[in-house]
1. For the range 350-372, does any single residue satisfy the condition of being surrounded by 14 or more Cβ atoms within 10 Å (Cβ to Cβ), assigned to a helix (DSSP H, G or I) and among the hydroxyl-bearing types (Ser, Thr, Tyr)?
2. Answer with yes or no whether Tyr347 is among the hydroxyl-bearing types (Ser, Thr, Tyr) and surrounded by fewer than 20 Cβ atoms within 10 Å (Cβ to Cβ).
3. Return the total of residues in the range 184-212 being assigned to a helix (DSSP H, G or I) and surrounded by 13 or more Cβ atoms within 10 Å (Cβ to Cβ).
4. Suppose the filter is under 24 Å from the mean Cα position of the chain (by Cα) and free of Cβ contacts under 8 Å to residues at least 60 places away in the same chain; does Leu143 pass it?
5. Restricting to the range 78-107, name every residue that is buried (at least 16 other Cβ atoms within 10 Å of the Cβ) and in a loop (DSSP other than H, G, I, E, B).
6. For the range 247-267, indicate whether the set of residues that are without any contact (Cβ under 8 Å) to a residue 40 or more places away in the chain, out of contact with any Pro (no Cβ under 6 Å at 6 or more places or on another chain), within 24 Å of Phe320 (Cα to Cα) and crowded, with 17+ Cβ neighbours inside 10 Å is non-empty.
7. Residue by residue through the range 362-384, note down the ones that are farther than 14 Å from Leu27 by Cβ, touching a residue at least 24 places away in the same chain (Cβ under 8 Å) and of a type in the set (A, V, I, L, M).
8. Would you pick out the residues in the range 89-121 that are touching a residue at least 60 places away in the same chain (Cβ under 8 Å) and either touching a Lys or Arg at 6+ places or on another chain (Cβ under 8 Å) or over 24 Å from Thr142 (Cα atoms) (or both)?
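The values are calculated or read from the model by the stated rules, or taken from the named source; none is laboratory data. Predicted model only: the values in this text are computed from it and were never measured. Cβ atoms come from the backbone with ideal geometry, glycine included; neighbour counts cover every protein chain shown.
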Amino acid sequence: MTAPASALTRVRARIIGLDGARGLSCLGVAVTHVTGHYSPVTAHEWKTSLVGLALIFFYALSGFLLFLPYVRNLIENRELPSTANFAVHRVARILPGYLVIFLLCNYLLQIAYVQNASMQPTRTENGTGMITDPWQLIANLTLTQSYIPKYFQTGLNPSWSLTLEYAFYLSIPLLGMLLFAIARRSGMRPWVIVSMGPALLIALGFIGRAFVPWFTSMAHLTDVTEINWGANWVAVYTKCFLTNSDTFAFGMAAAVVVVAMEHKVIREKLSRRIRLYSFVAMFPMGLLMLVLIALANPYATSALAIVCALAILVIVAPLFRGERSGLAEFLDTAPFRFVGKISLSAYLWHFPLMLLLGRWGLMASDNVPGMLRNVALVLVVTIAVSTVTYYAVEEPVMKFAKRYRTRWS
C-alpha cells in the first residue's frame, strides 16, 4: 500500500514548539551549572539544581522525534526509513559542532578539563588546561571518554550526554529493522509492533537501573557525587545506555500516541482529552520524581522522563489532531525558536565559557545578586558565541548533509 502524498509531506514537516522547548531546556541546564559552580551555597538554598533536570527533556525529545518516522511508516505500510539518511544527518547534527568547540576550548582557550570535572572544588577552574595525553585526546575526539573511568568527565564535561545520544542513535535503526522484520513475518497488529519499540527500551533501562545499588555496594562507594560522576566504573555504568534507555523510550511512547491520534485509532472523546490528561498526570509523576530524587533512587530519572514525555504531549497533541496549540505557537516565537536553534552550541559552550569568565575574575560572589549576575553574564556570552559557531559550523554542515538526503519512505 502506498501512503497518500499528504502523508509524505507530513513526515518532513517541522513540528512547531519543540525547538523552543529544547532551547528552554538548554538554558535550564546552563543555569544549574552556573549557579552550582560559582554560587554553591545560594544555589543550594534556592534549589536551582531542579531546573537542570531539564536535561532529560533532550532525551525524551530525541526519542519522540527520531522514532516518529518509524512509527508512521510502519503503520502506513511503507518502507523502513533510510538508515543511510539517518546516519548522515545524526553525524552532521552533532559531531562537527562538537569537534570545533572542543578543539577551540582545548588548544586555543585551554579551558578543557584534563581531570574529572565533578571532583574539582567549586568556584575554581582547577583541573582545566590542555589535554595532551594521546589516548585521552582520542577518547574526547570520538566522544568515548564517558566509557573510560580515568577519562570520565574530562574535556567538555557536559558532552557526556552526547555519548549517550549517540548510543541511542545506534539503537534506533537496529530497533527499526527489528520491528519492520516482525511486521513482515508475523500477523501481529502494527500498533502492537510499534509499541514494542519503547517497551523494549523501557525494560532495558529498568533492568539496568536495578543493578546500580549492587554495583555501588561492590565498589564500596557512598558519596553521591562520586557514584554518579566520579572516575570509576559505577559512574560509567550510571551514565551509559543500559541504565538510561528508558529516558528516550518514554518519548518514543509519546510518538506512538500522537500517530494513533493522527490515524484516529484513539476514540474521539479520549483523543480530545489527551492533552488535558497529560497535563494533569505531570503533577503526581513530578511528585514521585521529587521523592525518588530525595531518596537517591536510580529510578528518579525514569519518573522525570515520563514527565518530559507528558510535556511533549501537552505541547503538540492538538497539532496531531489538525488543531492549533497556543503553547506550541508561543514556544515557536522568534526568541525561543532561536535559542532552540543554537542549543547544541550553547550546551557545549556554556561551561567552558563560564570557567573562562571565572579565570578572568569576572564571576561575582556567592549571594543572590551575585548569582543572578553570573547567570546573566554567562547566558549573554554563551548565546553570542553560540550564534557564531551555529552559523559558521553547524548550519553549513547540515545544509551540506541535506544534499545526501534520501526519502523517509
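1. No, because not a single residue in the range 350-372 is surrounded by 14 or more Cβ atoms within 10 Å (Cβ to Cβ), assigned to a helix (DSSP H, G or I) and among the hydroxyl-bearing types (Ser, Thr, Tyr).
2. No: the conditions fail for Tyr347.
3. Counting residues in the range 184-212 that are assigned to a helix (DSSP H, G or I) and surrounded by 13 or more Cβ atoms within 10 Å (Cβ to Cβ) gives 20.
4. Judged against the criteria, Leu143 is a match.
5. Arg78, Leu80, Pro81, Ser82
6. Yes, the conditions are met somewhere in the range 247-267.
7. Met363, Ala364, Val368, Met371
8. His89, Ile111
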